[in-house]
Amino acid sequence: MAKKSKIAKNEQRKVIAARYLARRRELKAVISSPSASPEEKGEAVVALQKLPRDASPTRIRNRDAADGRPRGYLRKFGLSRVKMRQAAHNGELPGVSKSSW
C-alpha cells in the first residue's frame, strides 16, 4: 500500500494537468509553428516556463487503482501485477484465465 499522501499528490497533479492542458497545447503549438516569429516563440517559451511544474502531464504517475502501488502497473487493467494476479485467480477479471500448454 502506497502512502496516502503520495496517492493524494498524484490525484492533485491530475487535476492541475487537466486545468492547464489547453494552455500548454496553445503554447506548444506556437513554439513548434514554423510561421511564428522568433519573438513570439520566445514569449511562448517564457510563458510555458511560468506554468506550474505539476501542469505537465509527464509528472503524473500511473498507480494501481486498488492500493496505489506505483511499480508494475498494467494499463489494460489499471492494476499492479500483484493485484492483477490476485484478481485473476479469484475470477474477478472477465476473460482472463491461467495459461496452460
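The values are calculated or read from the model by the stated rules, or taken from the named source; none is laboratory data. Note that this is a predicted model, so its numbers are computed, not measured. Don't worry about glycine lacking a Cβ; one is built from the backbone with ideal geometry, like all the others, and counts go over all protein chains shown.
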**Prompt:** Could we say that Arg63 is basic (Lys, Arg), surrounded by 14 or more Cβ atoms within 10 Å (Cβ to Cβ), part of a loop (DSSP other than H, G, I, E, B) and at pLDDT 95 or above here?
**Reply:** yes
**Asked** Any idea how many residues of region 23-36 are surrounded by fewer than 15 Cβ atoms within 10 Å (Cβ to Cβ) and under 14 Å from Ser56 (Cα atoms)?
**Response** 4
**Asked** in contact (Cβ under 8 Å) with a residue 24 or more places away in the chain and acidic (Asp, Glu) - does that describe any residue in region 50-59?
**Response** yes
**Fill in**
Subset of region 37-60, residues among the small types (Gly, Ala, Ser) and either surrounded by 15 or more Cβ atoms within 10 Å (Cβ to Cβ) or assigned to a helix (DSSP H, G or I) (or both), comes to Gly42, Ala44, Ala47, Ala55, Ser56
**Unique match (being aromatic (Phe, Trp, Tyr) and either closer than 25 Å to Gln86 by Cα or exposed (fewer than 12 other Cβ atoms within 10 Å of the Cβ) (or both)) among Tyr20, Tyr73** = Tyr73
**Message:** Condition check: modelled with pLDDT of 95 or more and not hydroxyl-bearing (Ser, Thr, Tyr). Does Ala55 satisfy that?
**Reply:** yes
